[in-house]
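The values are calculated or read from the model by the stated rules, or taken from the named source; none is laboratory data. For clarity, every value in this text was computed on a predicted model and none was experimentally measured. Virtual Cβ from ideal backbone geometry, glycine too; neighbours counted across all protein chains shown.
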């Protein structure tokens, strides 16, 4: 279709020689589209240029070899977008809802958000990587956040973190292979009176010891952690 050749023209210029060449190719493509189709007037096509430029930029990312994850169901993303006007000022709210739905921000969903809100994909990634609440990789069903603030540190938080790393066989900032747990070391969570504290999703568990923290990893499916915790409890 001519309009997609127009979009690829921008991507081609971006990849080959930067923005100036992209604009030059874009102008040529516009002329060809108008001569060949009459699909839209020049003014209407100009109004839609922002949309197609974003689409073409995304195509350029793919051409550069961006790694794509396995196929993601975008229906939840469409439901999230339907709740907001197509405006860039709603970007963070949209990303928060998508994060809550998938437990991370899938690349395919971000591409869809880019077009729906008219926000370049590079800007979306800038926002997603700036705020620690967002994750570009899948998180576990349970996110264990070990408080490492001063009060918790003094009362044994490093020991709790080490124990959880051993039980789950991951380091802080990683997720177990079965996607049941993600482990994080965070700054003060504001519950110093309960130190040391581990927050599981949105629930704070305080006054923990190495023995007590093992219980946080016991689930039906996590056989490895259950076995390790049971063995240590028996000692």
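Residue by residue, here is whether (1) modelled with pLDDT of 95 or more; (2) closer than 26 Å to residue 103 by Cα; (3) assigned to a helix (DSSP H, G or I); (4) over 26 Å from the mean Cα position of the chain (by Cα) holds:
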| position | (1), (2), (3), (4) |
| --- | --- |
| 158 | yes, no, yes, yes |
| 163 | yes, yes, yes, yes |
| 190 | no, yes, no, no |
| 211 | no, no, yes, yes |
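Between 199, 146, 170, the distinction of being in contact with a strand residue (DSSP E or B) (Cβ under 7 Å, 6 or more places away or on another chain), within 30 Å of residue 90 (Cβ to Cβ) and either outside any helix (DSSP H, G or I) or modelled with pLDDT of 95 or more (or both) belongs to 199 only. Looking only at segment 167-179, filter to residues that are crowded, with 16+ Cβ neighbours inside 10 Å and in contact (Cβ under 8 Å) with a residue 12 or more places away in the chain; which one of those is farthest from residue 136 (Cα to Cα)? The extreme case among them is 167. Only one entry of 136, 183, 100 meets the criterion of being outside the structural domain of residue 216 (by TED's automatic domain parsing) and either more than 26 Å from residue 72 (Cα to Cα) or touching a residue at least 12 places away in the same chain (Cβ under 8 Å) (or both), and that entry is 136.
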